[in-house]
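The values are calculated or read from the model by the stated rules, or taken from the named source; none is laboratory data. Computed from a predicted model, the values in this text were never measured in an experiment. All Cβ positions, glycine included, derive from the backbone under ideal geometry; neighbour counts span all protein chains shown.
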Amino acid sequence: MPAHHFNTHCPDWATALLNGFSQIFLQRHPLCGLLCLLAILLTAPSLLGGALLGGVAGLLTAQRRGYAKADRQAGLFCYNGVLLGLLLSLCFPWSAMLPPLIIAAGGLSAMLTQQWLNRARDHRCLPAYTAPFVGISWLLLSFAAPAQPAPLIELNTLNLLAASLKGLGQVMFLGHPLAGALIAAGLLIADRRAFFWALLGSTAGLGFALLHHETSNALLGLNSYNPVLAALAFSQVRRQPWLPLLGIVLAILLTPGFAALGLATLTAPFILACWLIRAGMRVLRQAAEDSAPCATTGNHPRLR
């Protein structure tokens, strides 16, 4: 079903929320978002409440503060809240304090996103991506219990095939291959190019980790989700396939640095990789404009 046909049968708030789930994978497609929601429901139902609460908190904050309806409908104020709700539900025990914490984090992420959008439209700022989620998470994770070591998984053909799908699911902290399969289906419906690049990014992350003998993390998909997102960020650039490839490579190479700094990796390597590429493209574009010969003397910037 095309996205526009789906929208006509779906209330505005539901479309915005579903688009928020799909925006985690840099798509705007409510059916893709629905499959992402279904992936949580079927493989980690204990995280579903937090994900919905974080997304709704972001959307309601945007509505109450009068942010642009087009941005709200695109899901731009929901996806960071969804990720925060997933993470907080995963890392903190359920208590009376957890829902208000998720609501506050989701609302704050929407306000940060709005400020970032204002600056990005003035060409003064790089895209936010999931930076609000990462920044708030680093602060909140300082109060969480230490993470448990990754369980050992046997290296065999079946686990290798499952690991590529797990790389998609781990974008949303889902380590089940069914979650990855549902997300892959959503990407295929939304954009076939995005589907291809996401699988390539996941496979590349898996292969690199196995080469460096990080078998447990690799088979859990923990080395794949950042290259998946970096590939998706540039998957629409049809005539420059080197951009998503560069994004994959940079995301893979940057990942160990965050662990060395003692920071939770989250989606930080993806963000930094995309920022480096976009900043580099800006510098190259500006250099090309500065060095381009002028048609006439009167058009020279120093003579105007």
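Here are the numbers:
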| quantity | calculated |
| --- | --- |
| Residue list for the stretch 234-245, filter: under 24 Å from residue 170 (Cα atoms), surrounded by fewer than 24 Cβ atoms within 10 Å (Cβ to Cβ) and of a type outside the set (S, T, N, Q) | 234, 243, 245 |
| All positions within the stretch 246-274 that are buried (at least 16 other Cβ atoms within 10 Å of the Cβ), outside any loop (DSSP other than H, G, I, E, B) and not aliphatic (A, V, I, L, M) | 247, 255, 258, 269, 270, 274 |
| Residue 230 vs. criteria farther than 18 Å from residue 200 by Cα, buried (at least 16 other Cβ atoms within 10 Å of the Cβ), small (Gly, Ala, Ser) and touching a residue at least 12 places away in the same chain (Cβ under 8 Å) | no |
| Within the stretch 55-72, tally of residues that are polar (S, T, N, Q) and crowded, with 20+ Cβ neighbours inside 10 Å | 1 |
| Cβ-Cβ under 6 Å pairs, at least 6 apart or on other chains, the stretch 216-227 side at pLDDT 95 or above, far side in a loop (DSSP other than H, G, I, E, B) | 219/153; 220/150; 220/175 |
| Among the residues listed as 165, 98, 126, the single one being under 20 Å from residue 233 (Cα atoms), assigned by TED's automatic domain parsing to the domain that holds residue 40 and surrounded by 14 or more Cβ atoms within 10 Å (Cβ to Cβ) | 126 |
